[in-house]
Structures are given as C-alpha cells and as structure tokens.
Amino acid sequence: IGAAAMGMAMTANAADLIKVGYAQVGHESDWRTANTKNYQDTFTEDNGYSLELVDCDNDHAKQIEAVRNFIQEGLDYIIIAPIQSAGWDTVLQEAQDAGIPVIIADREIDADESLYTAWVGTAPHDEGVTAGKWLGEQLGDKEANILQIEGSVGASAAIGRTEGFQEEVDKHDNWKILDSQSGDFTQDGGQQVMESFIKSYEGKFNVVVCQNDNEAYGAMDAMDAAGITYGVDGDVTLISYDATHDGLQYTLDGKFNLDVECNPIQAQTVSDVIQKIQNKEDYEKKTLIKDEAFNAPGIKSEFATEITKDILDKRAY
Ligand code: AHR
C-alpha cells in the first residue's frame with residue numbers, strides 16, 4: 001500500500017474515532033493519578049476513541065474554559081469531573097445548545113439533571129456515614145474529640161463526606177468535632193493543617209479524620225514530628241478515605257485504623273454509557289460505582305472488611 005493510500009486510510013480511521021474530551025480535576029492525589037491513567041487506558045484508539053484530557057489544576061475557571069474549548073472543537077462527548085459542585089449551568093447549557101452530550105463523572109454537581117446526559121460516580125455522603133458508623137461501633141461509649149482534614153472547598157467529595165460523617169457525630173452526645181479545615185486533598189495540605197491542629201489541640205484529640213489518603217500521609221508526618229502516636233497501637237484513631245494501594249498498605253500495617261474506599265476506576269462505565277448512546281440504546285441516567293471500606297487486621301466490623309495482603313496485592317492503584 002502506498003504512502004498516500006496509507007495516509008488516506010489513517011485519515012479515514014481517525015474520522016471514525018469517537019472524539020471525547022475529559023476535563024479532569026487536576027493531579028492533587030494518588031487517587032486522581034489512578035483515575036487519569038484509567039481514562040487513558042480505556043479511551044484508546046484501539047477502543048475506537050480519541051481522548052483529549054485536560055488537567056484543570058484544581059482551578060474552576062480553567063475547567064470551564066476546557067469545556068468551552070471542547071465545545072468549540074465540536075467533540076462528540078464531553079466528560080467533566082467537577083472541581084466544585086456549583087457554577088455549571090451556563091456552560092452546560094452551551095454544550096446542550098451545541099448538541100454535545102455531557103457526562104458528569106466522579107463528583108456531583110448542583111445543576112438540573114436536564115442539563116447533562118448522564119452521571120457516573122461515587123457516593124461521598126455514604127462514605128462519610130460509613131466512617132462515622134464504624135467509629136461509633138469501635139468506640140462504644142467512649143468520647144471522641146475529632147479533628148477533621150477536609151478535601152477541597154466546594155468539591156462534592158468533601159461536602160458529602162463532611163455531611164455524612166457529621167450526621168453520625170450528631171448521634172453521640174460525647175463526640176465533638178474540635179476543628180475541621182481543608183487540606184485541599186493534597187499531602188502538603190494535610191501536613192500543614194495537621195501541624196496547625198497540633199499547635200492548637202495537642203493532648204486534646206483522639207480521632208483524626210482525613211478526607212483522602214494523601215492528606216493522611218501529611219497528617220502522619222506532622223504527628224510523627226510531634227511524637228503523637230496513631231493507628232491500632234497509638235493514642236489517635238486515624239481514618240482516611242480513598243483506599244489506594246499505599247493507603248491500604250498503611251491500613252495493613254495498622255497505621256490507618258480505617259480506609260473508606262472511593263473507587264477511581266470509572267472509565268469503562270463511562271465508556272459503556274457512550275457506547276449505548278452511540279447505538280441508540282437505553283442507558284442509565286445515573287450509575288453509582290460501588291465502594292467498600294477496609295480496616296486494620298484484627299478489627300471486626302459490620303461496616304468494614306479486615307485488610308489482608310491478598311486484597312492489597314490486587315489493588316493496582
Ligand atoms: O473526587 C474524589 C476525590 O478527589 C478523592 O477522594 C481524592 O483523592 C481526589 O482528589
């Protein structure tokens with residue numbers, strides 16, 4: 001086959017690909033890195049896609065701009081993992097006017113359902129409830145003086161975990177959230193917030209809740225530096241969210257008492273929705289990706305599974 005003919009064949013193939021834009025939150029955490037890789041591995045040319053993935057660097061304005069660029073380029077589908085839940089109506093309307101289906105992924109948004117095509121994600125509110133119920137089960141009648149390191153301000157993953165956990169806190173007269181500050185879902189943020197918590201509350205807290213694994217790594221560094229012990233053999237119960245490989249390793253080692261899963265492997269479910277739309281088949285408006293929770297070995301719980309080396313070895317991210 002001649003080069004010109006090959007060129008034509010390649011052009012024809014490229015035209016057949018489904019053009020997808022993914023406005024990704026950023027690169028703030030190991031969870032996010034795993035989610036990005038999952039999209040890159042799934043939305044491949046071999047699978048019939050061309051993927052334009054934009055890292056929006058946790059900046060809402062950049063994310064809106066990325067979506068507007070996708071609209072201008074006339075992509076076939078737009079996927080958005082919303083950095084913040086508010087502020088989407090205008091650009092979603094623009095996508096709708098351009099006839100481009102939008103799939104909201106990972107997090108939730110405050111927008112009328114008619115403004116987007118489908119949603120695929122996890123349930124942060126339920127994750128917060130799980131963390132609270134687990135803590136209640138483990139503490140029994142003991143009091144809890146809690147410090148919480150929240151995720152990024154305005155992100156549904158942070159709002160949901162905070163609200164779900166608070167609901168359980170409210171059921172216990174002898175539980176108190178001493179302070180709750182954003183660590184922006186980053187290790188540095190977690191460390192800085194924990195350092196300032198230690199200055200204000202040293203000796204006064206017995207529970208630390210970090211809204212993702214990276215924040216928990218930072219919090220551990222801060223507690224290590226201050227000589228505060230945590231985990232199954234320590235003075236402080238440490239709860240995290242995400243259950244990435246390293247988070248589960250810390251759980252297996254007894255450094256985290258509990259790691260509530262948030263599953264970043266979502267791309268195939270999003271692709272399934274797109275394929276159904278392509279084939280003019282019925283699709284689910286909302287698909288929930290299932291989460292579990294894992295606690296340190298030797299802890300029996302109705303709300304979490306004891307982590308094992310076997311579970312850890314199967315966790316690829
Ligand atoms: O939206 C999911 C959250 O975002 C994860 O918990 C966190 O690690 C990420 O940055």
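What helices (runs of 4 or more DSSP H), lying completely within the range 124-211, carry at least 3 residues that are under 23 Å from Asp57 (Cβ atoms)?
In the range 124-211, 156-169, 187-201 are the helices (runs of 4 or more DSSP H) which contain 3 or more residues that are under 23 Å from Asp57 (Cβ atoms).
Take the range 281-317 and flag every residue that is part of a helix (DSSP H, G or I) and without any contact (Cβ under 8 Å) to a residue 12 or more places away in the chain.
Asp310, Asp313, Lys314
Which ones in the range 110-142 are in contact with a helix residue (DSSP H, G or I) (Cβ under 8 Å, 6 or more places away or on another chain), within 21 Å of Ala155 (Cα to Cα), away from the ligand (no atom under 16 Å from the Cβ) and touching a residue at least 24 places away in the same chain (Cβ under 8 Å)?
Leu115, Tyr116, Thr117, Ala118, Gly132
Looking at this structure, is Gln181 polar (S, T, N, Q), more than 24 Å from Asn38 (Cα to Cα), under 19 Å from the mean Cα position of the chain (by Cα) and more than 16 Å from the ligand (Cβ to nearest atom)?
Criteria met by Gln181.
Looking only at the range 241-269, which residues are in contact (Cβ under 8 Å) with a residue 60 or more places away in the chain, over 22 Å from Ser152 (Cβ atoms) and touching a strand residue (DSSP E or B) at 6+ places or on another chain (Cβ under 7 Å)?
Selection gives Leu248, Asn257, Thr269.
Collect the residues in the range 184-217 that are at positive phi and away from the ligand (no atom under 16 Å from the Cβ), keeping them in residue-number order.
Gly203
Could you say which residue among Asp179, Asp141, Asp221 is within 24 Å of Glu302 (Cβ to Cβ), acidic (Asp, Glu) and surrounded by fewer than 24 Cβ atoms within 10 Å (Cβ to Cβ)?
Asp141 is the lone residue from the list that is within 24 Å of Glu302 (Cβ to Cβ), acidic (Asp, Glu) and surrounded by fewer than 24 Cβ atoms within 10 Å (Cβ to Cβ).
Looking at (1) farther than 22 Å from Val129 by Cβ; (2) touching a Cys at 6+ places or on another chain (Cβ under 9 Å), find the lone condition where Lys255 falls short.
In the conditions (1) farther than 22 Å from Val129 by Cβ; (2) touching a Cys at 6+ places or on another chain (Cβ under 9 Å), Lys255 misses (2) alone.
Would you point out which residue out of Glu65, Glu52, Glu94 is in contact with a strand residue (DSSP E or B) (Cβ under 6 Å, 6 or more places away or on another chain) and either farther than 25 Å from Ser182 by Cα or modelled with pLDDT of 95 or more (or both)?
Just one listed residue meets the conditions, Glu52.
Within the set of pairs 6+ apart or on separate chains, which have a first residue in the range 20-34 that is modelled with pLDDT of 95 or more and polar (S, T, N, Q), a second that is within 6 Å of the ligand (Cβ to nearest atom) and not in a helix (DSSP H, G or I), and C-beta atoms under 8 Å apart?
Short answer, once both residue conditions are applied: Ser29/Phe185; Ser29/Asn212; Ser29/Asp242.
Restricting the search to the range 143-165, which residues are among the small types (Gly, Ala, Ser), within 16 Å of the ligand (Cβ to nearest atom) and in contact with a Lys or Arg (Cβ under 9 Å, 6 or more places away or on another chain)?
Gly151, Ala155, Ser156, Ala157, Gly160
Of all residues in the range 10-36, how many are in contact with an Asp or Glu (Cβ under 8 Å, 6 or more places away or on another chain) and within 16 Å of the ligand (Cβ to nearest atom)?
Within the range 10-36, residues that are in contact with an Asp or Glu (Cβ under 8 Å, 6 or more places away or on another chain) and within 16 Å of the ligand (Cβ to nearest atom) number 11.
Please find, among Ile78, Ile71, Ile103, the residue that is within 16 Å of the ligand (Cβ to nearest atom) and either under 26 Å from Gln211 (Cβ atoms) or not acidic (Asp, Glu) (or both).
The conditions single out Ile103.
Among the residues of the range 86-128 satisfying the criterion of being of a type in the set (Ser, Thr, Tyr) and more than 13 Å from the chain's Cα centre (by Cα), which is surrounded by the fewest Cβ atoms within 10 Å (Cβ to Cβ)?
My answer is Ser114.
More than 16 Å from the ligand (Cβ to nearest atom), over 24 Å from Asp272 (Cα atoms) and not basic (Lys, Arg): is that true of Trp88 in this structure?
So Trp88 fails the test.
Against the condition within 16 Å of the ligand (Cβ to nearest atom) and either within 28 Å of Asn13 (Cβ to Cβ) or buried (at least 16 other Cβ atoms within 10 Å of the Cβ) (or both), how does Tyr39 come out, does it pass?
Against the criterion (within 16 Å of the ligand (Cβ to nearest atom) and either within 28 Å of Asn13 (Cβ to Cβ) or buried (at least 16 other Cβ atoms within 10 Å of the Cβ) (or both)), Tyr39 qualifies.
Starting from the range 38-52, keep only residues that are closer than 19 Å to Ala81 by Cα, then list their pairs with residues that are of a type in the set (Ser, Thr, Tyr) whose Cβ atoms are within a distance under 7 Å, requiring at least 6 positions of separation or different chains.
Correct list of pairs: Tyr39/Tyr22; Thr42/Ser271; Phe43/Tyr49; Phe43/Ser271; Leu51/Tyr22; Leu51/Tyr39.
Any idea how many residues of the range 223-271 are in a loop (DSSP other than H, G, I, E, B) and either within 11 Å of the ligand (Cβ to nearest atom) or closer than 18 Å to Tyr317 by Cα (or both)?
Residues that pass the stated criteria total 9.
The values are calculated or read from the model by the stated rules, or taken from the named source; none is laboratory data. Here the structure is a predicted model, which is why all the values come from computation and not from measurement. Reconstructed Cβ throughout: ideal geometry from the backbone, glycine too, with neighbour counts over all protein chains shown.
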